[in-house]
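Read the structure below first, then the notes.
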Amino acid sequence: QVQLVESGGGLVQAGGSLRLSCAASGRTGSDYIMGWFRQAPGKEREFVSAINWSGTSTAYKNSVKGRFTISRNNAANTAYLQMNSLKAEDTAVYYCAAHRSTVVYTGLEYDYWGQGTQVTVSS
């Protein structure tokens, strides 16, 4: 089992920045990738970004490329999502997820999920 806890969400003005963290505990290792997803009110959950264990492979949703950066610190069992130049349309609950894979995966069928953290961008 893997437990994930997100933090770092909040209210920010458009153009501002936030850094989300995802602390993992339990059985984690080099066969797990980490991903970030989001769900806005009335919309389906969508993929935002993912990273492999070594950090050498990443993937991003097109609309966040160049603004968001995913990273991970395996020694601290923590993944991060640095979000810059935030827009009102980035407002959503952001979820961290872990998936047993050595290849970055952009689908929704991740094995473990956090409880989510709210990000609100005011325009």
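Selection of the stretch 29-44 for residues being farther than 15 Å from G55 by Cα and crowded, with 18+ Cβ neighbours inside 10 Å yields F37, R38.
Output yes when any residue across the stretch 27-42 is in a loop (DSSP other than H, G, I, E, B), modelled with pLDDT under 95 and acidic (D, E), and no when none is. Yes, the conditions are met somewhere in the stretch 27-42.
Matching residues to (1) in contact (Cβ under 8 Å) with a residue 12 or more places away in the chain; (2) more than 21 Å from G16 (Cβ to Cβ); (3) out of contact with any Lys or Arg (no Cβ under 9 Å at 6 or more places or on another chain):
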residue	(1), (2), (3)
A40	yes, no, yes
E44	no, yes, yes
F47	yes, yes, no
V64	yes, no, yes
N73	no, yes, yes
A92	yes, no, no
E109	no, yes, yes
T120	yes, no, yes
S123	yes, no, no
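There is no residue in the stretch 63-81 that is touching a Gly at 6+ places or on another chain (Cβ under 6 Å) and of a type in the set (V, I, T).
Collect the residues in the stretch 71-119 that are open to solvent by 50 Å² or more (accessible area, probe 1.4 Å), in a strand (DSSP E or B) and touching an Asp or Glu at 6+ places or on another chain (Cβ under 9 Å), keeping them in residue-number order. If the condition is that a residue be open to solvent by 50 Å² or more (accessible area, probe 1.4 Å), in a strand (DSSP E or B) and touching an Asp or Glu at 6+ places or on another chain (Cβ under 9 Å), then R100 is the only one that fits.
Looking across the stretch 52-70, the residues that are open to solvent by less than 30 Å² (accessible area, probe 1.4 Å), part of a strand (DSSP E or B) and not aromatic (F, W, Y) come down to A59, I70.
Checked against the criterion of being more than 14 Å from the chain's Cα centre (by Cα), of a type in the set (S, T, Y) and modelled with pLDDT of 95 or more, the stretch 74-89 has at least one qualifying residue.
The values are calculated or read from the model by the stated rules, or taken from the named source; none is laboratory data. In this text, all values refer to a predicted model and were calculated from it rather than measured experimentally. Glycine gets a Cβ as well: all are built from the backbone with ideal geometry, and neighbour counts include every protein chain shown. Ligands, DNA and RNA are excluded from the accessible area calculation, which covers all protein heavy atoms including side chains. Shrake-Rupley method; radii C 1.70, N 1.55, O 1.52, S 1.80 Å.
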